[in-house]
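Only the coordinates and a few stated rules stand behind these numbers; no lab work does. Note that the coordinates shown come from a computational prediction; the quantities given were computed from them, not determined experimentally. All Cβ positions, even for glycine, are placed from backbone atoms using ideal geometry, and neighbour counts span all protein chains on display.
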Amino acid sequence: NAGVTQTPKFQVLKTGQSMTLQCAQDMNHEYMSWYRQDPGMGLRLIHYSVGAGITDQGEVPNGYNVSRSTTEDFPLRLLSAAPSQTSVYFCASSYSRPFSGRAGELFFGEGSRLTVL
Amino acid sequence: GENVEQHPSTLSVQEGDSAVIKCTYSDSASNYFPWYKQELGKRPQLIIDIRSNVGEKKDQRIAVTLNKTAKHFSLHITETQPEDSAVYFCAASNGNQFYFGTGTSLTVIP
């Protein structure tokens, strides 16, 4: 049972390049989400999904795209990288039941450190 | 949307003393309040959580209290140990979105 797996762990991009951060979980969690962590700003929600085929925006969605074609995978796409997207990105999943209004523990991946030059 | 404020941003205590971290939230629809611990270079991990129908919860040396009327909740760590040194984040959730505080860097001095 690997939990939440993120790849890559480190990535350097040039401004304007695109890339995809991969996230997979093997816990059969319906809920998955992406956060960015910047010094002094805590964790900010980018996008989340309450099940396959359903995605929604969080606090800071601009410049990012997501899709959820399977329960296991929730990739985050940077369409045209900017230096402001330099950050550590965390994927997290939860056993929360969708639409129940009842959140549960978030299980985080190890994080992906992205630098945009 | 929800706004979660966390204080203090840094906290140093002597080993064996208690540590208290406080958070406030703004959205009365928030009903779940977890606390996460993040060691340097590691992922955040849940240490304790509380739901809006409960006022206090304890787990060994860790306790969380919630005051729904005042919209604030606190983390209490007793008998602190060097391994408690980490960054602690509070969060508030309405079910689908989680809003995190900006973190408290706790240092326990041996």
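Worth pointing out:
- Shown in residue order for the range A:48-55 are the 3J(HN,Hα) couplings computed by the Karplus curve 6.51 cos²θ - 1.76 cosθ + 1.60 at θ = phi - 60°: 9, 9, 9, x, 4, x, 10, 9 Hz (x for Gly and Pro).
- Divide the volume of the convex hull around the Cα atoms of the range B:1-57 by the residue count and you get 123 Å³ per residue.
- Neighbour net charge for A:A2 - beta-carbon separation under 14 angstrom, K R +1, D E -1: -3
- Under the Debye formula (equal points on every Cα, no solvent term), log10 I(q)/I(0) of the range B:1-103 at q = 0.14 Å⁻¹: -0.49
- Here is the P(r) of the protein assembly as shown: all C-alpha pair distances, binned every 5 Å from 0, give 1, 7, 15, 18, 18, 16, 12, 7, 3, 1, 0 in whole percents.
- The distance from the alpha carbon centre of the range B:94-110 to that of the range B:1-28 is 7 Å, rounded to a whole number.
- For the range A:5-18, putting each phi into the Karplus relation 6.51 cos²θ - 1.76 cosθ + 1.60 with θ = phi - 60° gives couplings of 10, 10, 9, x, 7, 9, 7, 10, 10, 9, 3, x, 6, 10 Hz, in residue order, rounded to whole numbers and with x for Gly and Pro.
- Over chain A, the reciprocal of the mean inverse Cα-Cα separation, the Kirkwood hydrodynamic radius, stands at 14.1 Å.
- 5 angstrom amide H check on B:G103, placed H, neighbours 5+ away: B:C90
- Close amide-amide hydrogen proximity is noted between B:A86 and B:L106, each under 5 Å apart and 5 or more residues distant or on a separate chain (H modeled in the peptide plane; Pro and chain starts excluded).
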